[in-house]
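> Starting off with a structure, shown below.
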Amino acid sequence: MDREFIRNFSIIAHIDHGKSTLADRLLEVTGALTQREMMEQVLDSMDLERERGITIKAHAVRLNYKADDGKMYQLNLIDTPGHVDFTYEVSRSLQACEGALLVVDASQGVEAQTLANTYLALHHNLDIIPVINKIDLPAAEPERIREQIETVIGLDASDAVLVSAKQGVGIHETLEAIVNLVPPPRGEVDAPLRALIFDSWFDPYRGVITLLRVVDGTIRLGQKIKLWSNNQVFEVEGVGYQAPKATPLNELSCGEVGYLFANIKTVSDAKIGDTITDAANPAAEPLAGFEEIKPMVFAGLYPVESHEHGLLRDALEKLRLNDSAFNFEPENSVALGFGFRCGFLGLLHLEIVQERLEREFNIDLITTAPSVRYRIKTTAGEVLEIDNPTKFPNPSLIEQIDEPIIDATVITREEYLGGILALLEEKRGVQKKFEHIGAGRVMLLYEMPLNEIVLDFYDRLKSASRGYASLDYHLSGFRVSPMVKLDVLVAGEPVDALTLIVHKEVAHERGKMLVERLRKLIPRQMFEVPIQAAIGNKVIARETISAIRKNVIAKCYGGDISRKRKLLEKQKEGKKRMKRVGRVDIPQEAFLAVLRVGTGDGT
Amino acid sequence: MPGVYISFPFCSQKCTYCNFASGVFPAELEARYLRALRAEIADHAWQWAPETLYIGGGTPSNLDPSVLASLPALIPNGPWAEATLEAAPGSIALEKANAWRESGINRVSLGVQSFIEREIRGTGRKHTAQTVAEDVATLRGAGIGSINIDLIAGLAGQTEASWRESLDWIERLAPEHVSVYILEVDENSRLGNEILLGGKRYGASSAPSGDMTADLYEFAVERLAGLGVERYEISNFARPGFESSHNLKYWRFASYVGFGADAHSFDGVMRWQNPESVEQYLRSPRESGTPVNAAEEKFYVGLRLSEGVDLRDGDWAKFEAPIRRFTEEGLLELDGAKLRLTARGVLLSNEVFQEFLL
């Protein structure tokens, strides 16, 4: 296809600002999908994505659009993940585009995530078309939002398209804006092949399928290609595009977006951001911006039933086929037995993996408190990277601890400022910027430890702002911090799975909260159970669970033995779902208590 | 020697603590039920001669004495060594008691639950301590030689003082047998459900805590022992020689046959259960049986008795680990080959029994 008639674009939007509805409308109007097919299409995508209203995997859909100028255009819509954990993936998707629709809710306005992704798009020199959506809502204030886009982002929003995706208003105008305002792709048709991988997944029949954007040259069936980062050579077995059904082609040429499969065995071979080139006639330089994705958040995953350890390993391996961003290695906990230490891009990523393991593989899991990776300089001069609290060296051997620091952007309404500033303060944040951005909204820039985000920050932020705060962050470096290891002892036995790394100054308070919470969560046992929080050998907090007094069926049932048995069985089943540590049965929820330990209200 | 149980699940009111299928049903249903019950008994092929009879409920004492008498009349081998009738206090006239006695009844179990008026009203019952005293006198006058009184620990409004008062009444009336039940807090009774929900109906918010109820139970054990009424099963207490020989059959694995809704039977090999609800029972009286698991029942049923179980009979080797653990923890004690619950073990018996399930 003549590049003049190709437009590659993505949609930037905050959760619930209507990205999916707009995308569905674009598909419908261009005839890519009938209404009935749209339902089917929606049903095909991941359950989790629909439930959470987020995009986890990228998609690329080709729309054929006959514009008002009478010409046919090929519009490639690249749908990107919309969450802070997946910034790298977003940036690769944006790199595959020349333009983006910035969708802003006409009543909610610009959010932190929108802002972050817009900056990312500007960084990649994308032309941005502001789209003000949901203008049908009674609370819609398109003029104020237009102003806000101009002040906060610095974009000219005078030509912003006014849309109600729900009612189908402004869809034609949006398509015309894409044709007229997004530049056609550049690139060298005759140069050696360079194509950007912006997503990949595993298909049991085809092996790895990658989504790609051809930047220079052409990619053909049967061509021998090379992946830049690992020098592996594969033969192209299929290329094509999604409309949204897969449509095979013989080649994808310069500027086009589509899919490819080449008998690649694992997604970690087809890394997002990597460059595909011709094996025989390689390009001189790879495309810019490739990075190996590094996990930032770590947690132990354990099966509730220890015999399911093998199942869990198989499930993790299967998930990893489709998600090269997380890694895992075997880990052993005194309390929980055999499990896996897993690294994730962030908390949402952790939750997604956890939920998929439970739903798709039916494994009951215990997840230990998420941790970050500390850099520890020992007195012997070694530098250790530790992401597992139980592996923290003895304090006498530690010279210095560096903890990862992030720059966090929070956008909220003025009325919630009080609670949010207090929260940021409590989480050891340092204010770097405080800016009124119009329409009663404030943008905060804070430097804070990543460690404080991974426990309960999202939930706290949500409740402090009744959901009207958005957060974006990126790693900005490391900072020397006096961190200590907080151990929990149940009936005198240390429970390694409850160990936390905390800042020295909050250790007492956190320890106290943690043991209080555990006292409520651990059921009474047949003996008194002390629960202690300790730093080294020093106990800093203690609670006691008194012994259970009675558990008895003191009633006569006219010879009904089965009823007794049922009750005993039920009780026994309940205990099976707990983890026995020493002599104490600890329920699953207790291990999650550490997650909530920063929450002030204690419930 | 085997026993016979007859179930009559009809009551004039549903008590707040009751988690049985008993209740208030239309009068028309009662007549149909009695017909079905008589038919079930008449159809039974007796392979042995019953030694004990137990007519339970519900409230069988509400039946017209002549109708009631028609039930034992169908059972062979009368008069029986022990024939118990469950009765609600406050409804026992001398003629009625005489008629019971004539039909073979020689033991009456009174569903008193409490002697404290406030507590009794809370359950939905209408009697007073005084009516119970009169009933006991009437029964004695009719020649009923063995009387049981039921008490419940854990009722709404109960305190240590009120519990002591109920036990004072036991001393005064001197029944041969006392049952002390601990209120079962579950969603199947109105009171239990309300306690679980943290509500206030049926006085739920004034119900003693679980720990306090345990104290009340232990207090009763001690007080009754002082009166010569000894615990012989977790919730059953008697003067020596007045233990319920019918109920002992349940715990000693003797055979029994049950007639009526929710009645249970055991023939030494199989257990049967009739449908729980009256309606289902009327449709088809008997459900299929399941074979007994003697090895595990020996413990979770047999250990309820104060005499304990004899480890010499049966296969106990597979339970060696829990036996050792609980004797070490002081919940079980071994006396030669006899294994029994300790005083503490009684209150935690479910914890012990669970480990004897296979």
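> If you rank B:Val278, A:Val169 by fewest surrounding Cβ atoms within 10 Å, what's the result?
So the ranking, lowest neighbour count to highest, is A:Val169, B:Val278.
> Among DSSP beta bridges lying fully in the stretch A:61-206, give the percent that are antiparallel, nearest 5.
About 45 percent, rounded to the nearest 5.
> In addition: Can you grab the distance from the C-alpha centre of the stretch B:259-295 to the C-alpha centre of the stretch A:402-474, Å, no decimals?
Spelled out, the Cα-based centre of one part sits 65 Å from the other.
> Now for a different question. Work out the length of the dipole vector of the stretch B:237-287 about its Cα centre, built from +1 on the beta-carbon of each Lys and Arg and -1 on the beta-carbon of each Asp and Glu, and round it to the nearest 20 debye.
For this selection, approximately 220 debye.
> Please report the spacing between the Cα centers of the stretch A:329-348 and the stretch B:32-55 in Å, no decimals.
The stretch A:329-348 and the stretch B:32-55 have Cα centres spaced 63 Å from each other.
> For chain A, what size does the Cα cloud have along each of its three principal axes, sorted from largest down, in whole Å?
Projected onto its principal axes, the Cα set of chain A covers 85, 70, 54 Å.
> Counting DSSP beta bridges with both partners in the protein assembly as shown, what percentage is antiparallel, nearest 5?
So the antiparallel bridges in the protein assembly as shown amount to around 75 percent.
> Follow-up question, since we're still on this one. How far is the Cα center of the stretch B:88-148 from the Cα center of the stretch A:174-204, in Å?
Rounded to whole Å, the Cα centres lie 92 Å apart.
> What number, rounded to the nearest 500 deg cm²/dmol, is the helix-based mean residue ellipticity at 222 nm of chain A, given -39500 (n - 2.57) per DSSP H run of at least four residues and division by all its residues?
Taken over chain A, the calculation gives -7500 deg cm²/dmol.
> Once the dipole of the protein assembly as shown is set up with Lys and Arg at +1 and Asp and Glu at -1 on Cβ about the Cα centre, which of A:Leu319, B:Ser114, B:Ser22 lies farthest towards its positive end?
B:Ser114
> Just to compare against my own numbers: the Cα pair-distance distribution for the stretch B:3-251, 10 Å bins, whole % per bin, please.
Histogramming the stretch B:3-251 at 10 Å steps yields 7, 30, 36, 21, 5, 0 percent.
> While we're on this one: If you count the DSSP beta bridges with both ends in chain B, what percent of them are antiparallel, to the nearest 5?
Among the beta bridges of chain B, antiparallel pairing accounts for roughly 40 percent.
> Whole percent per 10 Å bin, from 0 to the bin with the longest distance: what is P(r) over all C-alpha pairs of the stretch B:293-358?
Histogramming the stretch B:293-358 at 10 Å steps yields 24, 65, 11 percent.
> Quick one: which of A:Lys318/A:Lys504; B:Lys249/B:Lys338; A:Lys572/B:Lys298; A:Lys550/A:Lys579 span more than 28 angstrom between C-alpha atoms?
A:Lys318/A:Lys504
> Let me ask another. Report, in listed order, any pair from A:Lys134/A:Lys462; A:Lys538/A:Lys575; B:Lys126/B:Lys200; A:Lys377/A:Lys538 with a Cα-Cα distance greater than 27 Å.
The pairs that break the limit, which is 27 Å between Cα atoms, are A:Lys538/A:Lys575.
> While we're on this one: For chain B, give me every cysteine whose Cβ has no other Cys Cβ within less than 4.7 Å, ordered by residue number.
Flagged as lacking a Cys partner: B:Cys11.
> Continuing with the same structure: Students often check this: by mean Cβ neighbours within 10 Å, which of B:10-16, A:306-312 ranks highest, and how do the rest follow?
Ranked by mean Cβ neighbours within 10 Å, highest first: B:10-16, A:306-312.
None of the figures in this text is laboratory data; all of them are computed from the coordinates on show. What you see is a predicted model, and the numbers here were worked out from it, not measured in a lab. All Cβ positions, glycine included, derive from the backbone under ideal geometry; neighbour counts span all protein chains shown.
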